[in-house]
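Please treat every number below as a calculation from the coordinates, not as lab data. Since this is a predicted model, take the numbers as computed values, not measurements. We place every Cβ from the backbone using ideal geometry, glycine too, and count neighbours over all the protein chains shown.
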Amino acid sequence: MNQSHYSIKLDTEIKFLKGVGPQRANILNQNNIYTIEDIIRYYPRKYLDRTNTKKISELIVGEKIVVLATVKSFGLKNTRKGKYFHLLVDDKSGTINCLWFHGISWIIEKFKVGDNIALFGKIEFNKGF
């Protein structure tokens with residue numbers, strides 16, 4: 001029976017961690033991660049709680065929220081400055097329009113009418129949008 005034993009110390013350089021290598025180590029080094037201990041003690045600078053869902057009728061402008069809703073319609077819209085993707089969703093409490101100005105070619109294929117989806121984002125109202 002062939003057993004391999006792999007041990008590593010906390011002060012070992014990150015580039016020696018299996019799967020990291022020199023190139024990825026350089027990226028980690030830019031975030032002040034040089035050793036195994038550094039990666040263990042690296043915490044996100046903020047945490048977004050996406051478990052607290054709200055009804056559409058409870059939304060407040062400026063708030064970051066999660067909404068569980070059903071797709072009613074979607075499509076591309078044209079403006080003088082270009083295109084945007086429009087998604088209309090509703091839950092039992094109301095309806096909301098969601099807009100994307102970037103990544104349109106990717107997102108247009110993701111939805112179907114009747115899909116139940118979870119949306120996360122900041123509620124904004126700007127120039128009629």
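Remark: for residue pairs LYS83/LYS112; LYS64/LYS112; LYS46/LYS112, the C-alpha separation exceeds 29 Å in LYS46/LYS112. Once you have the Kirkwood Rh of the chain from its Cα pairs, apply Stokes-Einstein at 25 °C and 0.890 mPa s and quote D in µm²/s. Taking Rh from Cα pairs, D becomes 130 µm²/s.
Each residue, GLU58 and ASP115, gets one label point 7 Å from its Cα in the Cβ direction; the gap between the two is 2.5 nm. Kindly state, to the nearest 0.05, the FRET efficiency for LEU17 paired with ASP49, given R0 = 30 Å and r defined as their beta-carbon distance. Using R0 = 30 Å, I get an efficiency of 0.50.
Net charge dipole, region 1-107: roughly 480 debye, given to the nearest 20, about the Cα centre with Cβ charges of +1 for Lys and Arg and -1 for Asp and Glu.
Between THR79 and LEU99, the distance separating the two model label sites (each 7 Å from Cα on the Cα→Cβ line) works out to 0.4 nm. Which Cα, out of GLY62, SER73, ASN31, lies furthest along the positive dipole direction of the chain (beta carbon charges, K/R +1, D/E -1)? Looking along the dipole axis, the top candidate is SER73. Other residues lying with their Cβ under 15 Å from the Cβ of ASN116 contribute a combined charge of +2, Lys and Arg counting +1, Asp and Glu -1.
Between GLY94 and ILE56, SER57, the built amide H atoms are under 5 Å apart, and every one of these is 5 or more places off in sequence or on another chain. In summary, the lysines within cross-link reach of LYS18, defined as a Cα separation below 26 angstrom excluding same-chain residues under 8 places away, comprise LYS9. Each of ASP11, ASP49 was scored by other Cβ atoms within 10 Å of its Cβ. Listed from fewest to most, they are ASP49, ASP11. The label point for VAL66 and the one for TRP106, both projected 7 Å from the Cα toward the Cβ, are 2.1 nm apart.
So, counting K/R as plus one and D/E as minus one, what does the shell of residues with Cβ under 12 Å around THR70 add up to? Net charge around THR70: 0.
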